[in-house]
Amino acid sequence: NDCNPSETARRLRAAITEATSLTASCGVAPVRFIAKIASDRNKPNGQFVLEPAVEGLCEFVKELPVRKVGGIGKVMEKMLGSLNISVCGDILTHACQLY
């Protein structure tokens, strides 16, 4: 019984393809929200694995477009853009402007 998350995702994607003749993308991360976003990285029919190391997670989130964050829609994205905030890392850089 292999508990390797990357291999498990590969097997799951293969089973989906075999059963449905459709491809599937998969994100693997220690947090469900991040895994969902990671699944978009290698579409179609790919997978993206984020190891549970804090540094890798921070880098991934830092480069994440703000629009990918739940609750940030077109209007908020435009408002943040007017403050030169387009990725999550920009929020830290411009934190004083947000208060």
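The values are calculated or read from the model by the stated rules, or taken from the named source; none is laboratory data. Given the structure is predicted, the values throughout are model-derived calculations rather than measurements. Note that we place each Cβ from the backbone using ideal geometry, even for glycine, and neighbour counts take in every protein chain shown. Heavy atoms of the whole protein, side chains included, go into the accessibility calculation; ligands, DNA and RNA do not. Shrake-Rupley method; radii C 1.70, N 1.55, O 1.52, S 1.80 Å.
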(message) Could you check segment 70-99 and list, in sequence order, the residues that are surrounded by fewer than 16 Cβ atoms within 10 Å (Cβ to Cβ) and either in contact (Cβ under 8 Å) with a residue 40 or more places away in the chain or outside any helix (DSSP H, G or I) (or both)?
(response) Gly70, Gly71, Ile72, Gly73, Leu83, Asn84, Ser86, His94, Tyr99
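Hey, can you tell me all the residues within segment 1-48 that are of a type in the set (A, V, I, L, M, F, W, C), outside any helix (DSSP H, G or I), open to solvent by 40 Å² or more (accessible area, probe 1.4 Å) and out of contact with any Gly (no Cβ under 8 Å at 6 or more places or on another chain)?
Within segment 1-48, Cys3, Leu22, Val31 meet the criteria.
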